[in-house]
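What follows is one structure encoded as structure tokens, with my remarks underneath.
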Amino acid sequence: MVIFIIILLVVIVYIYKFNNRDRNLDYKYSPEFKNLSNVDKMLIEIINGLEASIKQDVLNKFADDYTKIVAITSIINQRETSFLNSINEIANQENISVALAKKVINTACNTVRMTYGLDTKDY
């Protein structure tokens with residue numbers, strides 16, 4: 001009887017955790033995402049990460065449009081600098097060249113910039 005109660009509690013906790021998961025990451029489990037190349041996966045990961053950060057840290061906190069734009073620009077620039085500072089590790093992790101990793105990072109950040117009407121940057 002005790003084992004049955006423990007199993008029931010484990011199942012209840014699992015169901016609760018599953019229903020309260022971060023659904024923004026569900027795309028990673030799709031067959032379409034799994035069949036993409038490393039470059040495409042990296043591009044999608046960066047864009048989704050930036051979008052999530054912007055939604056969480058900016059759009060829900062600031063009401064003024066100017067403040068939102070400044071905060072969005074700051075988040076994108078900080079994240080881009082962070083990526084470029086660790087470009088060798090990122091390229092090794094994704095099994096791509098450093099030049100291609102820089103191009104993907106630039107493309108992803110510019111895509112998010114264009115989404116919010118900001119000027120793009122080229123490196």
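The values are calculated or read from the model by the stated rules, or taken from the named source; none is laboratory data. Since the structure is predicted, the reported quantities are computational estimates derived from the model, not experimental observations. Glycine also receives a Cβ, built like all others from the backbone with ideal geometry; neighbour counts cover every protein chain displayed. The area values use the complete protein model at the heavy-atom level, side chains included, leaving out ligands, DNA and RNA. Shrake-Rupley method; radii C 1.70, N 1.55, O 1.52, S 1.80 Å.
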Legend entry - Among the residues listed as 33, 62, 18, 83, the single one being part of a loop (DSSP other than H, G, I, E, B) and aromatic (Phe, Trp, Tyr): 62
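Conditions tested, residue by residue: (1) at pLDDT 95 or above; (2) open to solvent by 60 Å² or more (accessible area, probe 1.4 Å); (3) out of contact with any strand residue (DSSP E or B) (no Cβ under 6 Å at 6 or more places or on another chain); (4) not in a helix (DSSP H, G or I).
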position	(1), (2), (3), (4)
47	no, no, yes, no
50	no, no, yes, no
55	no, yes, yes, no
73	no, no, yes, no
91	no, no, yes, no
96	no, no, yes, yes
114	no, yes, yes, no
Legend entry - Candidates 77, 38, 95, 60 - the one that is farther than 19 Å from residue 120 by Cα, without any contact (Cβ under 8 Å) to a residue 40 or more places away in the chain and not β-branched (Val, Ile, Thr): 60
